[in-house]
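Visitor: Take this structure first; my questions come after.
The values are calculated or read from the model by the stated rules, or taken from the named source; none is laboratory data. Note that the structure is predicted; figures quoted are calculated from it, not measured. Cβ placement follows ideal geometry from the backbone for every residue including glycine, while neighbour counts extend to all protein chains displayed.
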Amino acid sequence: MKNGRFGISGRTLAVAAPYLWLLVFFLAPFAIVLKLSFAEPLIAQPPYSAVFEWTGGLLPRFTGNFENYAFLLSDDLYINAYLNSIQIALFSTLLCLAIGYPMAYGIARAPGAWRNALLMLVILPFWTSFLIRVYAWIGILKNNGILNNVLIGLGIIDEPLDILHNHFSVYLGIVYSYLPFMILPLYANLARMDESLLEAAADLGCRPWKTFVSVTLPLSLPGIVAGSMLVFIPAVGEFVIPELLGGPDTLMIGKILWNEFFQNRDWPVASAVAIAMLVLLVIPIVIFQHYQGKEAGDVK
Amino acid sequence: MNSKSSSAPAAAPATNAITSPYIRIENVTKRFGSFVAVDNVSLDIQRNEFFALLGASGCGKSTLLRMLAGLETPTEGRILIDGQDMTHVPPYERPVNMMFQSYALFPHMTVADNVAFGLKQDRMPADQIKRRVAEMLELVQLERFATRKPHQLSGGQRQRVALARSLAKHPKLLLLDEPLAALDKKLREQTQFELMNIQEEIGITFIVVTHDQEEAMTLATRIAVMNNGVILQIGSPTEVYEFPGNRFVADFLGSINLFEGVVESIDGPLVVKTEAGPMMELEARGEVSAGQKVAVAVRPEKIAIGKERPSQSMNACHGQVVEIAYQGSVSIYRVKLDGGYMARVNAQNETRSARRVIDWDDEVWLSWEREAGVLLVDEA
């Protein structure tokens, strides 16, 4: 490719633009948060101490410390919140998979005319704000909400069910909100699966259920992994759903982060919480990338 | 549907009237909505036959094959395999294996696991599976590739894995859907002979679906030519090629010259007065009456081309060479006859010479023996 007037080819520019974007809007804030996590809180503006000091040398001197991280480890609250977040995210992911797989399979095997309509229904909730949809669940689940009123009206129950502000409503909210992220990659995977593979399995004497286990399921593994990561990763850090639908005992790291930042105004500890969460999430992301790469390699 | 008993030894099982047919297709019709893919087809196939369903794409041959495998259910009619009604038996309970056109190899399994797949469904002991897989891979000469995944193989190797997998269960009936379509010419010829060897070696019934007439003629002991969901003719390769029963079969298998005309005389050899002018005589086959509209079909390789006027008065046409296609062993001449008909002649290049005896625009005579012409009585 010929270089332009300034010695930079269009190709270089096209590649550089997204990297520049990532650098400015992802890496820079990350660096700031990372720096903050080594600072100490101050009642000042800004509310934290300096981490680097200029002492006249070539490089600034590092004056920060790891006390915030030590603090996270010393207090049960944080570790419990992390574990709780991972537990809730993990079970939510499994629930999404259990509900989403049959749905994705059904859509992928539906007649062509139906397929787009069914996919549309999966995507439809995105047309409304996420926040409003979560709020709507409060109206449905609360003591004198739609669900309880209907059940009492039908005479099925006498007293309203206590289904808001507890674990149940948090799981419900997360599964409801993230289900499309499970269905879409699974659908994409299942829809392009070669139907003649299933016919070949049947022809070789394999019953439908066993064909599913030994052919369909292993071949849809990349879709399962992609969908699970898309649900698990954001669910770990979820703040809105536990805040609106959770109870006082719903301990999730996103909520802790919010409290540290806005209520305690302890920016350094909040930053340390954020960095620790990131490190926790890097592991599943690496697994995700590995599978993505493997799938791309298999296509060749 | 004139299923003639064959005189060729290769088709011997077909003439054996004592054994009941291994496969019996009875008045089978398959409709997809209002489209009739297979239209009231009846067909008997004997044990150990190598049977070919030949036709253009969309003629219903693949649908018929899929009904034999159990992947489609007939709308009407019955399919019997070895005397048992299989019409509604699911594919996984049929003693039939199929080699798919796309090969349909399991991409997440190794070559050995692909071949072993069917055996595992039968709960064969592991050591026997191992032995059988090794046997099969040896048969298709892929021993060294046992641990490879399908995407690490070439097209020809994949095709052989698919064959090994479909043979692994030692099926009594093997169905092959366009088995060689994806291969290049050399590999295709080689595989054709391999298939014939395998058939002789393990003695199973083969049904192959193909649109390639050469493939059908090389492989099969009997051929059924299909069009629009109907079987037009069944016979040995020689029969369907040399004695086509109608225009479609004549035209579909190889190339042919069709001379339209009316029957002039039926006393002695049949004489036809063609629209193009020349009188043609041929050996009578079938019932015709004088004045009936017919066509005379002559294969291009049965026609002699020369500059001298032939001694015979019948089966001799005068014309001018319009085109010559040199193909090495043969040359194809396109000759415009005096009546306007464009005839095709295949002539062996017997002498080695750079100089053509017959050149473009030369005036030539075409002639052929009385036995060369085939009478076709169906309407155009």
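Visitor: May I ask you to list pairs of residues, at least six apart or on different chains, whose Cβ atoms are under 6 Å apart, with the first in the range A:184-208 being away from chain B (no Cβ under 13 Å) and the second being hydrophobic (A, V, I, L, M, F, W, C)?
Guide: A:Pro185/A:Ala226; A:Leu186/A:Ala104; A:Tyr187/A:Ala104; A:Tyr187/A:Ile107; A:Tyr187/A:Ala108; A:Leu190/A:Ala104; A:Leu190/A:Ala108; A:Ala191/A:Ala108
Visitor: Would you call B:Thr205 more than 13 Å from chain A (Cβ to nearest Cβ) and closer than 21 Å to B:Leu68 by Cα?
Guide: yes
Visitor: Identify, by number, the condition in (1) closer than 29 Å to B:Gln159 by Cα; (2) crowded, with 18+ Cβ neighbours inside 10 Å that B:Val41 doesn't meet.
Guide: Unmet for B:Val41, out of (1) closer than 29 Å to B:Gln159 by Cα; (2) crowded, with 18+ Cβ neighbours inside 10 Å: (1).
Visitor: Is it the case, given these coordinates, that A:Ser177 is crowded, with 18+ Cβ neighbours inside 10 Å, of a type in the set (S, T, N, Q), in the same structural domain as A:Ser228 (by TED's automatic domain parsing) and in contact with a Pro (Cβ under 9 Å, 6 or more places away or on another chain)?
Guide: So A:Ser177 passes the test.
Visitor: Select, from B:Gly70, B:Gly58, B:Gly77, the only residue that is without any contact (Cβ under 8 Å) to a residue 60 or more places away in the chain, within 14 Å of another protein chain (Cβ to nearest Cβ) and either surrounded by fewer than 21 Cβ atoms within 10 Å (Cβ to Cβ) or not basic (Lys, Arg) (or both).
Guide: B:Gly70
Visitor: Is it fair to say A:Glu260 is more than 14 Å from chain B (Cβ to nearest Cβ), surrounded by 20 or more Cβ atoms within 10 Å (Cβ to Cβ), under 28 Å from A:Gly293 (Cα atoms) and not hydrophobic (A, V, I, L, M, F, W, C)?
Guide: No; evaluated as a whole, the condition is false for this residue.
Visitor: Moving on to the next point. Of everything in the range B:134-170, what is farther than 19 Å from B:Asn197 by Cα and either aliphatic (A, V, I, L, M) or touching a residue at least 60 places away in the same chain (Cβ under 8 Å) (or both)? Give them in sequence order.
Guide: The answer is B:Ala146, B:Leu153.
Visitor: What pairs come out if I take residues in the range A:48-64 that are surrounded by 14 or more Cβ atoms within 10 Å (Cβ to Cβ) and pair them with residues that are assigned to a loop (DSSP other than H, G, I, E, B) and β-branched (Val, Ile, Thr) whose C-beta lies under 6 Å away, six or more apart or interchain?
Guide: Partner pairs satisfying both residue conditions: A:Gly64/A:Val51.
Visitor: If B:Ala276 passes every condition in (1) part of a loop (DSSP other than H, G, I, E, B); (2) under 17 Å from B:Val298 (Cβ atoms); (3) under 17 Å from the mean Cα position of the chain (by Cα) but one, which one does it miss?
Guide: The one condition B:Ala276 does not meet is (3).
Visitor: Can A:Pro125 be described as of a type outside the set (Gly, Ala, Ser) and either outside the structural domain of A:Leu184 (by TED's automatic domain parsing) or part of a loop (DSSP other than H, G, I, E, B) (or both)?
Guide: Considered against the rule, which asks whether it is of a type outside the set (Gly, Ala, Ser) and either outside the structural domain of A:Leu184 (by TED's automatic domain parsing) or part of a loop (DSSP other than H, G, I, E, B) (or both), A:Pro125 comes out as no.
A quick yes/no check of all residues on (1) among the polar types (S, T, N, Q); (2) in contact with a helix residue (DSSP H, G or I) (Cβ under 9 Å, 6 or more places away or on another chain):
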residue: A:Thr12; (1), (2): yes, no
residue: A:Ala17; (1), (2): no, no
residue: A:Leu22; (1), (2): no, no
residue: A:Gln45; (1), (2): yes, no
residue: A:Phe52; (1), (2): no, yes
residue: A:Thr93; (1), (2): yes, yes
residue: A:Cys96; (1), (2): no, yes
residue: A:Tyr101; (1), (2): no, yes
residue: A:Asn116; (1), (2): yes, no
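Visitor: Can you tell me which residue in the range B:87-129 is nearest to B:Glu194 (Cα to Cα), limited to those that are free of Cβ contacts under 8 Å to residues at least 12 places away in the same chain and more than 14 Å from every other protein chain (Cβ to nearest Cβ)?
Guide: Taking the candidates together, the pick is B:Gln128.
Visitor: Something else about it: Consider B:Leu180 carefully, then state whether it is within 12 Å of chain A (Cβ to nearest Cβ), of a type in the set (A, V, I, L, M, F, W, C), closer than 25 Å to B:Leu71 by Cβ and touching a residue at least 24 places away in the same chain (Cβ under 8 Å).
Guide: no
Visitor: Say we look at the range A:68-105 and pick out the residues that are without any contact (Cβ under 8 Å) to a residue 24 or more places away in the chain and small (Gly, Ala, Ser); which of these is nearest to A:Ser271 (Cα to Cα)?
Guide: A:Ala70
Visitor: Still on this structure, please answer the following. Among the candidates A:Leu23, A:Leu42, which residue alone is among the aliphatic types (A, V, I, L, M) and closer than 30 Å to A:Leu184 by Cα?
Guide: A:Leu23
Visitor: Here's another thing I want to ask about it. Of the residues B:Glu242, B:Glu260, only one is in contact with a Ser or Thr (Cβ under 9 Å, 6 or more places away or on another chain) and either more than 30 Å from B:Asp212 (Cβ to Cβ) or at pLDDT below 95 (or both); which?
Guide: B:Glu260
Visitor: Counting only residues that are within 28 Å of the chain's Cα centre (by Cα) and at pLDDT below 95, give me the helices (runs of 4 or more DSSP H) lying completely in the range B:21-140 with at least 1 of them.
Guide: Result: B:61-69, B:126-139.
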